[in-house]
1. What's the local net charge at Asn114, with K and R +1, D and E -1, over the other residues with C-beta under 15 Å away?
2. Students often forget the sequence filter, so: which aspartates and glutamates lie under 20 Å Cα-Cα from Lys32 once same-chain residues fewer than 8 apart are removed?
3. Can you put Tyr117, Tyr160, Tyr149 in order of accessible area, largest first, using a 1.4 Å probe?
4. Provide the FRET efficiency to the nearest 0.05 for the Ser47-Thr123 pair, computing r from the beta carbons and using R0 = 25 Å.
5. Output the relative contact order of the range 30-147, whole-number percent, from Cα pairs under 8 angstrom with separation of 6+ residues.
6. Assuming R0 = 25 Å, what is the FRET efficiency of Ala28 and Thr115, from their Cβ-Cβ distance, to the nearest 0.05?
7. Using Cα positions and a limit of under 19 Å, work out the lysines in reach of Lys16, with same-chain residues fewer than 8 apart set aside.
8. In nm, to one decimal, how far is the modelled label at Ala11 from the one at Val102, with both set 7 Å along Cα→Cβ?
Amino acid sequence: SALTRLPKGTAGYYLKQGSNDPEWAAVASGAKFGQHIQVEYSGGITSVTSVGSFVDVGNAPTVSITPTATSSKVLVKANFLCSGGGSSNGFDIALTDNSNNVLTKSGIYGSATNTLYLTALHTANTSSAITYKLRAQVNSGGGHHFYMYGGASNPARTIYISATEILA
């Protein structure tokens, strides 16, 4: 059998294996990324003692993004090292929008040091600026603390928060 030459491709196509021979196929359309903003904080330890209600985590970074369209979604991520002090009842940490709506949350229990990753896909329905932040609460009183580490503290760590626009 003679070899058949594959014709030159076209923009927006990729080479894939067909049932018997290689062939060009259209790249599927779908979500595309718009802007991406990441903020870091490495300035020291911050703590929260609020019992039963979420409050801003003092020195934790915030990230602001202005979606280009109301149909855009925003992928928000945070990564940080944290621990609890003096409580077996635990602590909650939340990723919130500028109206303090909880987009996602996680908890830690006891005083172990943990690396937490929070991720939320926010349907913002706005083309106005949105600020995302971390908020925390202690689940019992009596001098208990939630600690978030940044900088050269022991242990050393950088706190990250990012927002990525997902175009419709």
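The values are calculated or read from the model by the stated rules, or taken from the named source; none is laboratory data. Since we're looking at a predicted model, the values are computed, not measured. Quick reminder, even Gly has a Cβ in these numbers, built from the backbone with ideal geometry, and neighbours come from all protein chains shown. Only protein heavy atoms, including side chains, enter the accessible area calculation; ligands, DNA and RNA are left aside. Shrake-Rupley method; radii C 1.70, N 1.55, O 1.52, S 1.80 Å.
1. The answer is +1.
2. Glu165
3. Result of the area sort, largest leading: Tyr117, Tyr160, Tyr149.
4. According to the calculation, E is roughly 0.20.
5. Reported relative contact order: 38 percent.
6. 0.10
7. Lys16 reaches Lys8.
8. So the two model labels end up 4.8 nm from each other.
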